[in-house]
Amino acid sequence: MSDAAQHEDVKGHMGKYYVVFVALLCLTAITVGVSYLKLNRPLAITVALIIATVKAGLVAAVFMHLISERKVIYAVLILTALFFALVLLLPSFTVYEHGHVIAGS
């Protein structure tokens, strides 16, 4: 591949990176703007988490090149997320079990 072709290939990728950079800047500005609103705490946390999820999705899709990956990668990602959710939920199952034993004593 010649230097000119490599340069054009890099230029093509840089356009995506600039768009994501501007989008991240805008979402950060929105996050700061929302923090100045007088929202109750649960709603403020929900809005902040939604914005953070969108930002994380942009970073993962473009900078980690997940947008062009095969379906197997998505299956592994979903399986990992489900396992993580299960690990987070396991303590709540034992709390009910121990709470029942303590209440019966």
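Note down all Cβ pairs under 7 Å where the first residue falls in region 56-83 and is free of Cβ contacts under 8 Å to residues at least 40 places away in the same chain and closer than 27 Å to Cys26 by Cβ, the second is open to solvent by less than 80 Å² (accessible area, probe 1.4 Å) and β-branched (Val, Ile, Thr), and they're at least six residues apart or on different chains.
Listed pairs, sorted by first residue: Leu58/Val20; Leu66/Ile73.
At positive phi, at pLDDT below 90 and either of a type in the set (Gly, Ala, Ser) or out of contact with any His (no Cβ under 6 Å at 6 or more places or on another chain) (or both): which single residue out of His65, His100, His7 fits that description?
Answer to the check: His65.
One line per residue, one yes/no per condition, for (1) at pLDDT 80 or above; (2) surrounded by 10 or more Cβ atoms within 10 Å (Cβ to Cβ):
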| position | (1), (2) |
| --- | --- |
| Met1 | no, no |
| Lys11 | no, no |
| Thr46 | yes, yes |
| Ile50 | yes, yes |
| Lys55 | yes, yes |
| Glu69 | no, yes |
| Val87 | yes, no |
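Of the residues Leu24, Leu77, only one is out of contact with any Asp or Glu (no Cβ under 7 Å at 6 or more places or on another chain) and either open to solvent by 60 Å² or more (accessible area, probe 1.4 Å) or not in a helix (DSSP H, G or I) (or both); which?
Leu77
The values are calculated or read from the model by the stated rules, or taken from the named source; none is laboratory data. Since the structure is predicted, the reported quantities are computational estimates derived from the model, not experimental observations. Neighbour counts run over all protein chains shown; Cβ positions are idealised from the backbone, glycine included. Accessible surface areas use protein heavy atoms only, side chains included; no ligands, DNA or RNA. Shrake-Rupley method; radii C 1.70, N 1.55, O 1.52, S 1.80 Å.
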